[in-house]
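One structure is given here, and the rest of the page talks about it.
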Amino acid sequence: MPSAFHSLLLPAIRNPKPSRRRGRGRGGSKRPKKTTKSKNRLADAAGGDATAFHLKTSARAGPGGVGSGRRGGGGCLVQPLGNLLLLGGGGNLRDAGLGALRPLPDDVLLDVLGLLAARDLARLSAASRALYVVASHDPLWRALVLDELGGDFAFSGSWRATYIAAASGGRAHLPPRGLEIRGFYSDYLFQSWLCANMEMRPEWLHRDTIDRRRGMSVEQFVSEFEEPNRPVLLEGCLESWPALQKWTREHLLKVSAGKEFAVGPVSMTLDRYLQYADNVQEERPLYLFDAKFTEKVPEMGRDYEVPAYFREDLFGVLGEERPDHRWVIIGPAGSGSSFHVDPNSTSAWNAVIKGAKKWVMFPPEVVPPGVHPSADGAEVTSPVSIMEWFMNFYGACKTWEKRPVECICQAGEVVFVPNGWWHLVINLEESIAITQNYVSRRNLLNVLDFLKRPNASELVSGTTDRVNLHDKFRNAIDMTYPGMIKQLELEAQQKAAARKKKVSFWESAVDANTGGFKFSF
């Protein structure tokens, strides 16, 4: 039995928090299933094909960071199924070593193992080489750490090692013995390892299709971008921010000492989070995303100001009852946000203070490939990780008539995200950013319509009073800005009437119901 697991099978050293039934996902949302698309590319990557994917120089063995599937050490315990067909003979260790669990697909098998306590998972790993590989899958141990320890952990290079260190009471222990395991083939497990260890491909970074502006007036911004609901990257509008010079690691650690920030499903002090971020290499790194940072560390709130383009924020009429609207965002390379639409039909701006971010954005009427929103918009199913989306879906966008808007936003730059736009963001290096969601008169009617939807209790976010938010907001607007809503509704009706008058010949000639021509005499 690997020595590091031995401590988990001894009498309990501490009393863990009561565990609940766990699936693979964390953070209160339903985790989507990993795609098994592009198996031939997985095989190419495993075989070192230069045209496939390039691994990071720090790529470690996996899953779980132990052992090797190749001579000479390094690499991955698991290889893609395509290699089994190419190499021939020998069979799949997975089939021989899983026993009665063999019929289960890998994703279902991991869901089942996610229900086990740590000791049971450790015992299972001693049953066979195949079960050792599966039970070493690091996301299983990530779930255990976050469930039982919350944010009070010292990351030790992998989630399994982190759990073992905590279960050992912090005492030194031998690392897991590296097992020489060969012949385990699984696209599902290999892709998880690959997404954690691969570099962004150059062709994923080259496209820059966003409008870039510097020194634009507020009036120009409104007429050219906010009114038509178009993204733009703004340069040179953060030069007065003290944060650009002050927000070094040392400064932030000093001013936030003892304060805990929201990190995924847990809360962590900044020093513990940075220790994690410096040593992690996983498919979905935890992301510091805190909505109360100015309350916890008031000095951080004084180190930036809202750019002039976004200062009309009508949600401000609600005072303390307004939904969450501003966040500090800190994360290592590879962390980020998968495709989503910003909450409550708001628009947003995102300012990079340190680092760089890759953005991919689709207009409201274009659902990104691989993303499947529910009919009522309450849930969105998408690939497990950002890297998986780039690997399996990014190329499909090249042939689309409405291609995504893309850019890399560097330190000192701001991206404007119009309401309703789908967007994905990935950090290309360690990054710090500020983002705020806001409501101006240009999207006030959209927000009011959103807040009064029948399923508002499921859709509205950032507030404890989801059901009554519409009435509170509308009444506050009427009191603070009498007649504004009626005026905006009148203008919207006039614009709709004007659009009908401008219908082109071809639009009038084509029957929208049949797709064919219609003739009127």
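The values are calculated or read from the model by the stated rules, or taken from the named source; none is laboratory data. All values derive from a computational prediction rather than experimental measurement. Every residue, glycine among them, receives a Cβ derived from its backbone with ideal geometry; neighbour counts consider all protein chains shown. Only protein heavy atoms, including side chains, enter the accessible area calculation; ligands, DNA and RNA are left aside. Shrake-Rupley method; radii C 1.70, N 1.55, O 1.52, S 1.80 Å.
To keep it simple, each residue is scored yes or no on (1) basic (Lys, Arg); (2) at pLDDT 95 or above.
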{"residue": "Phe393", "(1), (2)": "no, no"}
{"residue": "Cys397", "(1), (2)": "no, no"}
{"residue": "Pro404", "(1), (2)": "no, yes"}
{"residue": "Val414", "(1), (2)": "no, yes"}
{"residue": "Leu424", "(1), (2)": "no, yes"}
{"residue": "Tyr438", "(1), (2)": "no, yes"}
{"residue": "Arg453", "(1), (2)": "yes, no"}
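Assess whether Gly334 counts as being farther than 30 Å from Asn475 by Cβ, open to solvent by less than 30 Å² (accessible area, probe 1.4 Å) and assigned by the TED database to the domain that holds Thr463. Steps first, answer last, please.
Working: farther than 30 Å from Asn475 by Cβ: yes; open to solvent by less than 30 Å² (accessible area, probe 1.4 Å): yes; assigned by the TED database to the domain that holds Thr463: yes.
So Gly334 passes the test.
Scan region 464-481 and give yes if some residue there is surrounded by fewer than 18 Cβ atoms within 10 Å (Cβ to Cβ), touching a residue at least 24 places away in the same chain (Cβ under 8 Å) and within 29 Å of the chain's Cα centre (by Cα), otherwise no.
Among the residues of region 464-481, at least one is surrounded by fewer than 18 Cβ atoms within 10 Å (Cβ to Cβ), touching a residue at least 24 places away in the same chain (Cβ under 8 Å) and within 29 Å of the chain's Cα centre (by Cα), which makes the answer yes.
Report yes if some residue within region 266-284 is out of contact with any Ser or Thr (no Cβ under 7 Å at 6 or more places or on another chain), among the β-branched types (Val, Ile, Thr) and within 30 Å of Glu312 (Cα to Cα); otherwise report no.
Of the residues in region 266-284, the ones out of contact with any Ser or Thr (no Cβ under 7 Å at 6 or more places or on another chain) are 266-269, 271-280, 282.
Among the residues that remain, those that are also among the β-branched types (Val, Ile, Thr) are: 266, 269, 280.
Those still in the list that are within 30 Å of Glu312 (Cα to Cα) too: none.
Checked region 266-284: no residue is out of contact with any Ser or Thr (no Cβ under 7 Å at 6 or more places or on another chain), among the β-branched types (Val, Ile, Thr) and within 30 Å of Glu312 (Cα to Cα).
Taking region 343-391 as the search range and keeping residues that are among the hydrophobic types (A, V, I, L, M, F, W, C), open to solvent by 20 Å² or more (accessible area, probe 1.4 Å) and at pLDDT below 90, which one is farthest from Glu413 (Cα to Cα)?
The extreme case among them is Ala375.
For the subset of region 109-139 comprising residues that are touching a Leu at 6+ places or on another chain (Cβ under 6 Å), in contact (Cβ under 8 Å) with a residue 60 or more places away in the chain and of a type in the set (A, V, I, L, M), which member is farthest from Met268 (Cα to Cα)?
Val133
Can you run down the residue pairs with Cβ atoms below 6 Å, 6 or more apart or on separate chains, where the first is in region 356-385 and closer than 11 Å to Val341 by Cβ and the partner is of a type in the set (Gly, Ala, Ser)?
Pairs found: Pro364/Gly420; Val371/Ser382.
What tally of residues in region 258-309 results from selecting those that are touching a residue at least 40 places away in the same chain (Cβ under 8 Å), among the charged types (D, E, K, R) and assigned to a strand (DSSP E or B)?
Selection size over region 258-309: 1.
All but one of (1) basic (Lys, Arg); (2) in contact with an Asp or Glu (Cβ under 8 Å, 6 or more places away or on another chain); (3) outside any helix (DSSP H, G or I) hold for Arg142; which doesn't?
With respect to (1) basic (Lys, Arg); (2) in contact with an Asp or Glu (Cβ under 8 Å, 6 or more places away or on another chain); (3) outside any helix (DSSP H, G or I), Arg142 is out only on (3).
Quick one: Lys402 ticks every box in (1) on the phi > 0 side of the Ramachandran plot; (2) out of contact with any helix residue (DSSP H, G or I) (no Cβ under 9 Å at 6 or more places or on another chain) except a single one, so which number is it?
Of the numbered conditions (1) on the phi > 0 side of the Ramachandran plot; (2) out of contact with any helix residue (DSSP H, G or I) (no Cβ under 9 Å at 6 or more places or on another chain), the odd one out for Lys402 is (1).
May I ask you to say which residue of Phe390, Phe450 is within 30 Å of Asp187 (Cβ to Cβ), assigned to a helix (DSSP H, G or I) and touching a helix residue (DSSP H, G or I) at 6+ places or on another chain (Cβ under 7 Å)?
Numbers: Phe450 fails: within 30 Å of Asp187 (Cβ to Cβ).
The unique qualifying residue is Phe390.
Among the residues of region 191-228, count how many are within 25 Å of Gln79 (Cβ to Cβ), open to solvent by 70 Å² or more (accessible area, probe 1.4 Å) and not acidic (Asp, Glu).
Going residue by residue through region 191-228, those that are within 25 Å of Gln79 (Cβ to Cβ) are 191-201, 204.
Subset that is open to solvent by 70 Å² or more (accessible area, probe 1.4 Å): 199.
Remaining after also requiring not acidic (Asp, Glu): none.
The qualifying residues number 0.
Among residues belonging to region 426-450 that are of a type in the set (D, E, K, R) and either within 15 Å of the chain's Cα centre (by Cα) or farther than 22 Å from Ser223 by Cα (or both), point out the one that is surrounded by the most Cβ atoms within 10 Å (Cβ to Cβ).
Looking only at region 426-450, we keep the residues that are of a type in the set (D, E, K, R), and these are 429-430, 441-442, 449.
Imposing the further condition that a residue be either within 15 Å of the chain's Cα centre (by Cα) or farther than 22 Å from Ser223 by Cα (or both) reduces the set to 429-430, 449.
Numbers: Glu429: 13, Glu430: 17, Asp449: 11.
Filtering first and then ranking leaves Glu430.
Could you run through region 161-175 and say how many residues are at pLDDT below 70 and buried (at least 22 other Cβ atoms within 10 Å of the Cβ)?
The qualifying residues number 0.
For region 272-318, give me each residue that is closer than 29 Å to Tyr481 by Cβ and of a type in the set (Asp, Glu).
Pass one, region 272-318, residues closer than 29 Å to Tyr481 by Cβ: 291-292, 294-295, 301-302, 304-318.
Of everything in region 272-318, those that are closer than 29 Å to Tyr481 by Cβ and of a type in the set (Asp, Glu) turn out to be Glu295, Glu305, Glu312, Asp313.
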